[in-house]
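Accompanying notes for the structure given below.
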Amino acid sequence: MRNQQNSLFLGVVLLVIWTLVGTIGFSFIERWSLFDSFYMTILTISTVGYGEVHPLTGPGRIFASFVIVLGIGTAIYTFTRLGQVVLEGELQGVLGRKK
C-alpha cells in the first residue's frame, strides 16, 4: 500500500511539473502571458478541446504535441494509481470486516 501511495505522490508531482513546463514553454515559445500559457497547458493536458487560446506557430504546435503526449500519459498514470489506492483500501476494509 505504501508503494502505491508513493507512486500516486510521484504522479501528482509529475503533473505539477508538466503544468509548469507547459506554462513556461508556451509563454517562451509563443510569447503569451503566463495566464494564457497556463490556461492553454490545462486545456492541452485535460484534452477538453476548447481550441487554442491564440493561433500556434510551428514550434508551438510541436511543443503542444509533447505536452499532450506526456501530460496525458502522466495523468493516466496518476489516476490509475489513485484508483488502485482507493480500491485496495476499500478491499482491505471489506476483507478485514469478514475476518
Whichever residue in region 13-41 is exposed (fewer than 14 other Cβ atoms within 10 Å of the Cβ) and within 11 Å of the chain's Cα centre (by Cα) and, among such residues, is nearest to VAL86 (Cα to Cα): VAL13
Long-range neighbours under 9 Å by Cβ, at least six apart or interchain, first residue within 17 Å of GLY71 (Cβ to Cβ) within region 22-51, second exposed (fewer than 15 other Cβ atoms within 10 Å of the Cβ) and of a type in the set (Gly, Ala, Ser): SER27/SER33; LEU43/GLY49; LEU43/GLY51
Region 52-63: number of residues that are touching a residue at least 12 places away in the same chain (Cβ under 8 Å) and not in a helix (DSSP H, G or I): 5
Subset of region 1-21 that is out of contact with any helix residue (DSSP H, G or I) (no Cβ under 7 Å at 6 or more places or on another chain) and not aliphatic (A, V, I, L, M) - its residue that is farthest from PHE66 (Cα to Cα): ARG2
Test result for LEU8, surrounded by 12 or more Cβ atoms within 10 Å (Cβ to Cβ) and touching a Lys or Arg at 6+ places or on another chain (Cβ under 7 Å): yes
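Readers should treat all values here as calculations from the given coordinates under stated rules, not as data from a laboratory. Predicted model only: the values in this text are computed from it and were never measured. Because the Cβ atoms are built from the backbone with ideal geometry, glycine has one as well, and the counts that use them run over all protein chains shown.
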